[in-house]
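This report concerns only the one structure given below.
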């Protein structure tokens, strides 16, 4: 493994802790290569993990409170799509990356944003019409302003003490003048719907982000996860 340096234009970044999570991330990276062969892939993980299937690999330093938040600035790409490991990319993402010609960070709303667990407060009261962003699919441009935002988020996560990172991201975003855009939830599809199986005029999900795709102990669930396309 090596030290990241921003060299490639566009790519997908993963941060995984534990061999099973790296395996899941490898499956996601394979879906990126199948649908977007021009995109690079990189992963942060333990030094002894198997990193085959990724273009670049880096070792997670010790002592980080939330590697996912802390390492977003350490991307080897100028334009980065961070993906949680439990994702599958199904279509070309060039149009998504084109958003970074106008915006600095992009993400999708939490789909069940109305639930109480997605309306917790740290320091700032935020309107309910400004819901949480699901931070498992984040598109961003490497620049000083974005790095400063992510560094503030890293500090806020530790200070706030919430086990999830969306609470602090939402409040910092509300207080920020960062150029942010909410992209359609088809790029972060959290709920697999019947419209996937029957005719529908709804747009097809381009990125699936499903709990089913996490490491599964149950062999039946693992069999199902391996067949998600």
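Mean projection of the alpha-carbon convex hull of the stretch 15-72 over all orientations, in nm²?
Seen from a random direction, the Cα hull of the stretch 15-72 projects 3.9 nm² on average.
Taking only Cα atoms and a 10 Å spring cutoff, compute GNM fluctuations for the chain and point out the largest among 143, 106, 45.
Of 143, 106, 45, the Gaussian network model singles out 143 as fluctuating most.
Once you have a ≥ b ≥ c as the square roots of the Cα gyration tensor eigenvalues for the stretch 92-132, tell me rounded if a/c is under 1.5, and otherwise prolate or oblate according to whether a/b is larger than b/c.
It comes out prolate by the Cα gyration axes.
Can you give the % of DSSP beta bridges in the chain that are antiparallel, to the nearest 5?
40
Hey, got the Cα dimensions of the stretch 154-194 along the principal axes, in Å, largest first?
Largest to smallest, the principal-axis extents are 41, 26, 12 Å.
Which percent of Cα-Cα pairs in the chain sits in each 10 Å bin, short to long?
Bins of 10 Å from zero give 8, 32, 39, 19, 2 percent of pairs.
None of the figures in this text is laboratory data; all of them are computed from the coordinates on show. Since the structure is predicted, the reported quantities are computational estimates derived from the model, not experimental observations.
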